[in-house]
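The values are calculated or read from the model by the stated rules, or taken from the named source; none is laboratory data. This structure is a prediction, so every number in the text was calculated from the model and none was measured. FYI the Cβ positions are ideal-geometry reconstructions off the backbone, even for glycines, and counts take in every protein chain you see. Surface accessibility is based on the protein's heavy atoms, side chains included, excluding ligands, DNA and RNA. Shrake-Rupley method; radii C 1.70, N 1.55, O 1.52, S 1.80 Å.
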Amino acid sequence: MVQTLNIPLPDLSAIAPELILTAWVCGVLLIDLFIPKDRKHYVGILSLVGLTLTFLCSGYLYLRGENLSLFGGMLAVDGFALYFKMVFVVVVMLTIAISLRYLPLEEINLGEYYGILLFATLGMMVMAASTDLITIYLSLELMSLSIYILAGFIKKDPKSIEAALKYFLLGAFSSGILLYGMALLYGLSGTTNLSGIGSYFAQHDLSHEPTAILAMILLIAGFAFKIAAVPFHMWVPDVYEGAPTPVTAFMSVGPKAAAFAALMRIFLVAIVAVRPHWNSIFWGLAVLSMTIGNVVAIAQTSLKRMLAYSSIAHAGYVLIGIVAGNQIGYASVLLYVLVYVFMNLGAFSMIILLCTKSGRGDQIKDFTGLARVNPWAAAAFVVFFLSLAGIPPTGGFVGKLYIFAAAIQANYVGLAIIGVLNSAISLYYYFRVVMAMYMEELPGPLHLSTHPVLVFALTVMVLATLFLGLYPGPFIDAAMSSMAPLLPKAGVLASHF
Amino acid sequence: MPKLIEFSAPILTITCFLPLLGAFWIALFTKKEQEKLIKYGAFVISLVDFVISLPLVYYFDPSTHNFQFAERYSWIPSIGVTYLMGIDGISILLVMLTTLLSAIAVLCSFAAITERLKEYYVCLLLLETGMLGTFMALDFFLFYVFWEIMLVPMYFLIGVWGGGRKLYSAIKFFLYTLFGSVLMLLGILSLYFLHFQATGDLTFDIVKITYQLQISRDVQFWLFLAFFIGFAIKVPMFPFHTWLPDAHTDAPTAGSVILAGVLLKMGTYGFIRFNLPIFPEASKMLVPFMVLLSVIGIIYGALVAMAQQDIKRLVAYSSVSHLGFVMLGLFALNPQGIAGGLLQMINHGLSTGALFLIVGMVYERRHTRMISEYGGLSHQVPVFTVIFAITMFSSIGLPGLNGFVGEFLILIGAFQASWLYALFAVSGIVLGAAYMLWLFQRMMFGQITNPANRNLADCNLREVVYMVPILIFMFWIGLYPKPYLDMMGPTVEKLVERVNHPTYQAVAKKSQGTEQGRAGTVQRVAGKANPEGTPMRAKVNSPQLSGDPAAPLPQVSPASAGHGNGATGSTPEGRR
């Protein structure tokens, strides 16, 4: 049954971004058949066009301030969903931009790559808009299955295959756990609608009901796997290392952000009543993720693995925002996700910049002496690292400031202290690469790509990282207002700010 | 509450960002091969910056403790961040010291830096912007941004152009400072929310937070500690000093000059600007602790300096000792002590900066910093000997030179606080004289024993040019310190009053009425209404209340503005 709201708008126009993208994926897959093997980058460019349309459409809906519930409460088209949708589209556009050079190098320049990537995007977009357990699970699987394939895209490389298999097995397992949690929720409340579950929880005191607690724990376990929080992080280093670099870059940002979006929907709307329980678990996950992620990253020699551990740590920072549980906290999740897109994708793109047929450029030592060969590339990498470590004037600083502000305001001083000390630790390993780039002698010739799209994408990411640090006002406002639809359900008064 | 007095030209912004523009110019529009252009370009930029900063002194009104040359622009309105700059009697001298030393640092690098010039001068200029901004910022967010930004170019200066274990020293410097500053950031955020709770005004404005926010004693204690860690590492106070000898020793000459001359002052500046006025009760409570650390620093630094084989390490440890003096003066919490501490910050910047320049000169000639390699140089290099001698006497505080005035004031202040403090401080002076004189004797007197020293060249024109301004200031401050003390006088007096009898400006809570919207603007109007900086020697006990009588602010009469003004306004005490 389609709900008709008093806004005179055909229902489907509210999900126009998804519709456009779906049509486009099908188109891309068909057109791919007619494009010769050595011209597959046209498929990528075609995908970029579709994504641009999707972005514009989402942006239009966002600016109109849509707040709709569609398909009987299955999907919501609100600021929260649209914000995430735009972030996802940007992620995928940048991913495609950095893939255009990478794929021919690994001899995996196949049109399906882009199609599958678009399917993953579709999954993420629906995930952020889902307000029902069914849609959440469906979109999660659409996203995950696409990424399992992408992780193993370099068929000739056993590491890539290993990554795909590992991710698939563990991912399927975690999806199972998640599904179990969802089933328990449904069994308890008799509905799969998040708001429905929320009101059931509100009416019945379930804080000592074992089934509710078990459901909550299973959900946490499932999502912790998707956002790569310790102790559900074991798959991350291997999968990140083995997967094709653009896919790794994409995985470290997109699915993580999507999982956070769905996590917030479920925990803030459906089971906010047992917040004291899940909050303390998230507290522990945050501390463990930050600490273990950062400490283990110090020992890595592979840049990809180092960034993998760093992305675990970043999941920990974001969790602080959720633990804080105030308006700034939730908004900081949105803001940080946005900042993280540019800085983390940027860092991975640097690996692609150095990638050649003979070497992947994913070891820290591969960057030795880069500053002499190309000062601009080295400077760009410094900007990304500064941002990841949370040093101004970068977006990473504003993002972290916001997260820690939330923790301080909510009186989680201990958590904030652990967080800031961790971000100081992280500087150590990020700057080991800087040290290699600037302060060690060039061992031999270093070949840098000058692929125009890659260089353009890198420039965009550097500038975006700096811009977010220097003029974050509009983005902070956007994060704040995008979070607004969820706040009343989460019981947070949007009083201050 | 000090007012913000605007000036007809955005002189602070220009001074602060000119080096940044210069850095962009060098990075974008010069080629690697145009070494001369880069060198002289950087020097001209830093010199012009110094010249631009001179009007600050000329137009500075020394009769007031208000913030002058203030500039305020909206920056991130949603979280109350403004671009707010201004200087008072505390920061003006530090700003001038920074512009002077930066120009000298550029000039002293001409011969020493032979590779990767472009990056080097970009770093130096970026560093200058960071340092100036730190001293000028009156918004916590802005302050923190500058405070952290400055670490990056310094890291590169040490790591790329340094010597010895430069990689280790560079990252150690960065990490130590970062650990302190992130904790300070949490302190800043706490203040921000406490202020918001108390007044309903969302702002990072340092002046407002300082004078409107009354914090309970316990909270003061913890926040004091958060800021303390940030600044004590920077100063550096014992036992947080271990990064300093490494960083100083391994940095290139210009890096050491900037480190000793300006960077360390950021720590002491932080104590004056934040810890004392924002946490007056905690400051008073922690005086014994702070004095203890300062005294340990003074004596320990001096003793370790005495044992050094390496000239640069010796000077580095002497900094620990001297900065201990500064901290002792500040925490004497009386006008003499604080003025002395402030003046000694400048003095140390000049004399230790000069000492590092001198070390740089001999190092450029002999490529060694071992004291034992030298001896009898006075026969060979007379000009150098004179410069070195004056600098050394300035450093040990010989009457007639700048060091004496500062140390004397600090001792007076310390003695007023407790004779015991002064006793330890005096022993530090004696030790200081010992290691410096001994160093001078070993290097300069006696016969030339090392044949490598026989053909040592004396100072060239460039070296004399960059040393002379420093020497002039050494004599000037030593012989006639009045203009310097006058400049800081009212600010220091207010600060002492503030620490000993804190009063808080009552503010209508924002959510309670419509008045509050204007509370912010009133202040700005008040600032604008006073563009000439008319002297307002306020004889009242409380810091100036901003706003004219017509402003809808609850007024606190000076008489009632003792300790408990909770009745008149909304103090956080009452709210919590």
Inset, instruction - Out of B:V465, B:V499, report the one residue that is open to solvent by 70 Å² or more (accessible area, probe 1.4 Å) and at pLDDT 85 or above. - result: B:V465
Inset, instruction - Could you list all residues from region B:56-73 that are outside any loop (DSSP other than H, G, I, E, B), among the aromatic types (F, W, Y), more than 14 Å from chain A (Cβ to nearest Cβ) and surrounded by fewer than 24 Cβ atoms within 10 Å (Cβ to Cβ)? - result: B:Y58, B:Y59
Legend entry - Criterion (over 25 Å from A:Y438 (Cβ atoms) and either within 13 Å of chain B (Cβ to nearest Cβ) or open to solvent by 10 Å² or more (accessible area, probe 1.4 Å) (or both)) met by exactly one of A:A371, A:A324, A:A379: A:A324
Legend entry - Top-ranked residue of region B:197-224 - restricted to ones that are in contact (Cβ under 8 Å) with a residue 40 or more places away in the chain and within 12 Å of another protein chain (Cβ to nearest Cβ), ranked as most open to solvent (accessible area, probe 1.4 Å): B:Q197
Inset, instruction - Considering each of A:I417, A:I391, A:I408 in turn, give the residue that is out of contact with any strand residue (DSSP E or B) (no Cβ under 7 Å at 6 or more places or on another chain), without any contact (Cβ under 8 Å) to a residue 12 or more places away in the chain and within 30 Å of B:I158 (Cα to Cα). - result: A:I417
Legend entry - Scan of region B:383-410 for residues that are open to solvent by 40 Å² or more (accessible area, probe 1.4 Å), under 22 Å from B:A305 (Cβ atoms) and part of a helix (DSSP H, G or I), ordered by number: B:F393, B:F404, B:F408
Inset, instruction - Please indicate, with yes or no, whether at least one residue in region A:190-198 is crowded, with 20+ Cβ neighbours inside 10 Å, in contact with a helix residue (DSSP H, G or I) (Cβ under 7 Å, 6 or more places away or on another chain) and closer than 25 Å to A:F88 by Cα. - result: yes
Legend entry - Candidates A:V247, A:V253, filtered to the one that is farther than 21 Å from A:T301 by Cα and surrounded by 24 or more Cβ atoms within 10 Å (Cβ to Cβ): A:V253
Inset, instruction - Kindly check whether there is at least one residue in region A:457-473 that is open to solvent by less than 10 Å² (accessible area, probe 1.4 Å) and farther than 30 Å from A:R101 by Cα. - result: yes
Legend entry - Total residues in region A:183-227, condition among the hydroxyl-bearing types (S, T, Y) and outside any helix (DSSP H, G or I): 3
Inset, instruction - Sort out which residues of region B:163-185 are within 11 Å of chain A (Cβ to nearest Cβ), surrounded by 24 or more Cβ atoms within 10 Å (Cβ to Cβ) and either more than 20 Å from the chain's Cα centre (by Cα) or over 24 Å from A:L386 (Cβ atoms) (or both), and write them in order of number. - result: B:A170
Inset, instruction - Filter region A:401-431 down to the residues that are aromatic (F, W, Y) and more than 9 Å from chain B (Cβ to nearest Cβ), then identify the one that is farthest from B:L178 (Cα to Cα). - result: A:Y412
Inset, instruction - Please go through region A:402-414 and pick out each residue that is open to solvent by 10 Å² or more (accessible area, probe 1.4 Å) and in a helix (DSSP H, G or I). - result: A:I408, A:Q409, A:V413, A:G414
Inset, instruction - Would you mention how many residues in region B:245-268 are of a type outside the set (G, A, S), more than 14 Å from B:M327 (Cβ to Cβ) and not in a loop (DSSP other than H, G, I, E, B)? - result: 11
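Residue-wise test of (1) closer than 23 Å to B:A232 by Cβ; (2) surrounded by fewer than 24 Cβ atoms within 10 Å (Cβ to Cβ).
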| site | (1), (2) |
| --- | --- |
| B:Y269 | yes, yes |
| B:A332 | yes, no |
| B:G340 | yes, no |
| B:E373 | no, yes |
| B:V381 | no, yes |
Legend entry - Members of region A:76-98 that are under 12 Å from A:V337 (Cβ atoms) and touching an Asp or Glu at 6+ places or on another chain (Cβ under 7 Å): none
Legend entry - Output for region A:346-367, where each listed residue is of a type in the set (A, V, I, L, M, F, W, C), in contact with a Ser or Thr (Cβ under 7 Å, 6 or more places away or on another chain) and in a helix (DSSP H, G or I): A:F348, A:I351, A:I352, A:L353, A:I364
Inset, instruction - Please work out which one of (1) more than 10 Å from chain A (Cβ to nearest Cβ); (2) open to solvent by 10 Å² or more (accessible area, probe 1.4 Å); (3) touching a Ser or Thr at 6+ places or on another chain (Cβ under 8 Å); (4) without any contact (Cβ under 8 Å) to a residue 60 or more places away in the chain is the condition B:F231 fails and give its number. - result: (2)
Inset, instruction - Would you please name the residue that is nearest to the other protein chains (Cβ to nearest Cβ), looking only at residues in region A:383-393 that are open to solvent by 10 Å² or more (accessible area, probe 1.4 Å) and in a helix (DSSP H, G or I)? - result: A:L386
Inset, instruction - Count, please, the residues in region B:74-106 that happen to be within 14 Å of chain A (Cβ to nearest Cβ), open to solvent by less than 10 Å² (accessible area, probe 1.4 Å) and assigned to a helix (DSSP H, G or I). - result: 1
Legend entry - Tally, over region A:35-92, of residues that are assigned to a helix (DSSP H, G or I), among the basic types (K, R) and surrounded by fewer than 22 Cβ atoms within 10 Å (Cβ to Cβ): 3
Inset, instruction - Could you check how many residues of region B:1-55 are farther than 30 Å from B:H501 by Cβ and open to solvent by less than 30 Å² (accessible area, probe 1.4 Å)? - result: 17
Inset, instruction - Can you tell me which residue within region B:116-141, out of those that are at the interface with chain A (Cβ under 10 Å from one of its Cβ atoms) and open to solvent by 10 Å² or more (accessible area, probe 1.4 Å), is nearest to B:I79 (Cα to Cα)? - result: B:V122
Inset, instruction - Tell me which of these A:A490 doesn't satisfy, since it passes every other one: (1) open to solvent by 10 Å² or more (accessible area, probe 1.4 Å); (2) under 20 Å from the mean Cα position of the chain (by Cα); (3) closer than 30 Å to A:A273 by Cβ. - result: (2)
